[in-house]
Amino acid sequence: MEKLVITGGVPLKGNVDISGAKNSVLAILAGTLLVNGECRIENIPDISDVSVILSMIECFGAKIGRPDKHTIVVDAKDITYAVPDYELVRRIRGSYYLIGALLSRFRKAEIAMPGGCNFGSRPIDQHIKGFTALGAAVDDSRGVIKATAENLTGVSVYLDKVSVGATINIMLAACKAEGVTVIENAAREPHIVDMANFLNAMGANIKGAGTNRVKIKGVTDMKGGTYQIIPDQIEAGTFMIAAAATGGDVLIRNVIPKHMESLTAKLIEAGAKVTELDDAIRVEGTGKLKATNVQTMPYPGFPTDLQPQMVALLTVAEGLSVMVEGVWDNRFQYTDELIRMGAKINAAGKMATIQSVPTLYGAPVKATDLRGGAAVVIAGLMAEGTTEVSNITLIDRGYEKFEEKLRALGAKIERVEE
Ligand code: EPU
């Protein structure tokens, strides 16, 4: 087992390049199963979740090439139906995209209940609502989701809850359905737009992605092509927060500044200087950080996946901050780790109050989940003394070369065997 050892107190300085979006790549790789030809996907992040979804795609007999670390070529022309391994499916949340993809390609799918980070209950009723509306019969009564359809027919589906996963999964199932499907109250996250752009580049006909009304006109065939994944909004945000939290000066390159607007606004409120450039953002510390209230929401609101990192910053932002988690029921487990480092946080249900302390102190802590792991690393960078972060395979799920990128910015951080 490996851990990260961080000696805090060094302001981050320099340039960092952001990798391709984790939450796009999982959906896009599942989407290659719809395509009757070769898909070349560029700007792939080198993270462990990608290996997991690739192993699943291989089990259908897809041909996979990796001309370089950041490019994957998938040819799913001759795939055959299979049931992916239960243990693999349980490792990541994104495996649920195989249901939409397999339904589209084979009119049947059998997938174990997907895993992923534990934020309380993570129902998939809205995915099932969409598949059923399209004409599939779905049974999820035995820990496995089984879906079958004679035909998939375009329909209007209203999502009772704004869901990234359900929006993408219904898009997948509807791409080759007969007629037009409309998703009302759709999620608008950048990776929804990315997924629609990928599917369109491969031959689908999707309009309105990025608004709350997505229209998918079924096509008979998708032939393949080349597509480049967008930069990771959450990785970019993590580095922006780390720069502000350490009072540093970092140019975060290969980002889409529009995707960062909610965070930019909050960092400015908290006292950092943020400058937007064409495809980069510069974040500078300006001395003292100030308390700020934040509520997470679906895009374009403040992303839930940046909530833990922002709370790490707020631990030393002068005054009392309130963080309201508006997406997940239980996303404050990591706060116990920050409390070990001296933070004063009171988390109950969907709200946490954070009373500032003058400094955090290094301590042995663990990553409780992917973004909670990023939060304790940021806390370690801010803290006096040495922090040891264990359970870092959770961080490796979603951050490419996290400690190497931080080290290049001057951080004292090492990966060592426990
Ligand atoms: N929900 C339902 N029913 C559903 C689906 C969702 O009630 O059928 C609820 C959830 O319980 C939650 C809310 O709707 O309260 C939003 O869930 P959503 O479906 O949008 O989340 P997801 O698609 O399962 C993705 C990301 C998460 C990110 C959320 C929200 C992937 C693989 N995961 O999850 O990313 O937190 O959207 O933006 O794309 C992460 O990267 O660390 C991560 C957890």
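The values are calculated or read from the model by the stated rules, or taken from the named source; none is laboratory data. Everything numeric here is computed off the predicted structure, so don't read it as measured data. Don't worry about glycine lacking a Cβ; one is built from the backbone with ideal geometry, like all the others, and counts go over all protein chains shown. Only protein heavy atoms, including side chains, enter the accessible area calculation; ligands, DNA and RNA are left aside. Shrake-Rupley method; radii C 1.70, N 1.55, O 1.52, S 1.80 Å.
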Check: Using the Cα gyration tensor of segment 232-325, with a ≥ b ≥ c the square roots of its eigenvalues, what is the shape: rounded (a/c below 1.5), prolate (a/b larger than b/c) or oblate (neither)?
Finding: oblate
Checklist line | Under 5 Å, built H, 5+ apart or other chain: amide partners of R213 | finding: A186
Notebook entry, point to check: In nm, to one decimal, how far is the modelled label at R66 from the one at V144, with both set 7 Å along Cα→Cβ?
Noted result: 2.9
Checklist line | Check: segment 21-65 dipole with +1 on Lys, Arg Cβ and -1 on Asp, Glu Cβ, in debye | finding: 80
Check: Quick one: length gained pulling E184 to Q228 fully straight, 0.36 nm per residue minus the C-alpha distance?
Finding: 13.1 nm
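At 1.4 Å probe radius, can you tell me the per residue accessible area of the chain in Å²? Write out the running numbers ahead of the final one.
Numbers: 15760 Å² over 418 residues.
Here the per-residue accessible area is 38 Å².
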Item checked: Label zone at N15 (point 7 Å along Cα-to-Cβ), backbone N below 15 Å, segment 271-310 -> 277-283
Next item on the list: With a ≥ b ≥ c taken as the square roots of the eigenvalues of the C-alpha gyration tensor of segment 51-192, please select rounded if a/c is under 1.5 and otherwise prolate if a/b is larger than b/c or oblate if it is not?
Entry: rounded
Margin query: Spelling out what I want: for every residue of segment 93-107, take phi, set θ = phi - 60°, compute 6.51 cos²θ - 1.76 cosθ + 1.60 (Karplus), and round to whole Hz; glycine and proline get x.
Written below: 5, x, 5, 5, 5, 5, 5, x, 5, 5, 4, 5, 7, 10, 6
Margin query: If a paramagnetic tag sat 7 Å from the Cα of T220 along the Cα-Cβ line, which residues of segment 125-155 would have the backbone N under 18 Å from that point?
Written below: 151-154
Notebook entry, point to check: When the Cα centres of segment 1-67 and segment 386-418 are compared, how far apart do they sit, in Å?
Noted result: 17
Check: Sorted by mean Cβ packing within 10 Å, highest first, what order do the peptides 202-210, 343-351 take?
Finding: 202-210, 343-351
Next item on the list: Whole Å is fine, so just give me how far the alpha carbon centre of segment 94-152 lies from that of segment 289-324.
Entry: 33
Check: By average Cβ neighbour count within 10 Å, what is the ranking of 385-391, 246-252, 234-240 from highest down?
Finding: 234-240, 246-252, 385-391
Check: Residues with amide H under 5 Å of G154's amide H, sequence separation 5 or more or different chain, H placed in the peptide plane at 1.01 Å from N; which?
Finding: E178, G179, V180
Item checked: Shape parameters for the chain, alpha-carbon atoms, Rg then Dmax in Å -> 21.3, 63
Item checked: Accessible surface of K63 - all protein chains present, 1.4 Å probe, nearest 10 Å² -> 120
Checklist line | Pairwise centroid distance, computed over Cα atoms, of segment 253-275 with segment 166-190, Å | finding: 30
Item checked: Additional length obtainable on full extension of the chain from K108 to E269, 0.36 nm per residue less Cα span -> 53.0 nm
Note to self: Compute the angle between helix 370-382 and the longest alpha-carbon principal axis of the chain, please, reported from 0 to 90 degrees and rounded to the nearest 10.
What the structure shows: 20
Item checked: Qualifying aspartates and glutamates (Cα of each under 20 Å from Cα of K223; at least 8 residues distant if same chain) -> E38, E42, E58, D75, D78, E178, D194
Check: Roughly how much of H70 is accessible, in Å² to the nearest 10, using a 1.4 Å probe?
Finding: 60
Margin query: Here is the link list: K161/K350; K22/K344; K129/K176; K3/K290. Which ones come out longer than 21 Å on Cα distance?
Written below: K22/K344; K3/K290
Notebook entry, point to check: Sorting R93, R66 by accessible area (1.4 Å probe), largest first, what list results?
Noted result: R66, R93
Margin query: At 1.4 Å probe size, what's the solvent-accessible area of Y86? Round to the nearest 10 Å².
Written below: 100
